[in-house]
Amino acid sequence: MKNKHEKNNISLTGEEEGQLTIDAYQTEDDIIIESTIAGVEPDDIDIDITNDSVTIRGERKRTEEVLEDSYLYQECYWGRFARVIPLPQDIDPDKAEAEFSNGILRIQLPKIAKNRARKLKVRADD
């Protein structure tokens, strides 16, 4: 009785993975990604950041076995999950921050300002 809207991916190892749901928005200086990841320990979340994408992986583990025919509803995804999020502009991976509170993962990605100008002082050789 899985939710018909649930999407699963096949990982590089051939295992089925659930697709993580996210909200992504931007401010003037940052791109923010938020996701509800209840039932997962922060140490079990793997985040890979490049200058133009973010990959979030993890696993939600069941604490007890339930027989398939015992379910009345089965809408929660248990098992490995992943999501690759392409970014609309380059960010600085070295300044990215992630926090996990009350089952919500929040990733803050500072944008690289391509159009920001700066004055460069020329030094004279003595």
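The values are calculated or read from the model by the stated rules, or taken from the named source; none is laboratory data. The structure displayed is predicted, hence computed values, not measured ones. Cβ sites come from the backbone with ideal geometry, for glycine too, and all protein chains shown count toward neighbours.
Structure summary
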item: Test: residue in region 71-87 that is under 13 Å from the mean Cα position of the chain (by Cα) and of a type in the set (Val, Ile, Thr); result: yes
item: Subset tally (residues that are aromatic (Phe, Trp, Tyr), at pLDDT below 90 and surrounded by fewer than 17 Cβ atoms within 10 Å (Cβ to Cβ)) for region 69-82; result: 1
item: Residues located in region 24-59, provided they are surrounded by fewer than 11 Cβ atoms within 10 Å (Cβ to Cβ), not in a strand (DSSP E or B) and not acidic (Asp, Glu); result: 27, 38
item: Residues within region 83-112 that are touching a residue at least 24 places away in the same chain (Cβ under 8 Å), part of a loop (DSSP other than H, G, I, E, B) and surrounded by fewer than 16 Cβ atoms within 10 Å (Cβ to Cβ), tallied; result: 6
item: Residue identified as touching a residue at least 12 places away in the same chain (Cβ under 8 Å) and part of a loop (DSSP other than H, G, I, E, B) among 123, 80, 62; result: 62
item: From 110, 88, residue being more than 30 Å from residue 62 (Cβ to Cβ) and in contact with a helix residue (DSSP H, G or I) (Cβ under 7 Å, 6 or more places away or on another chain); result: 110
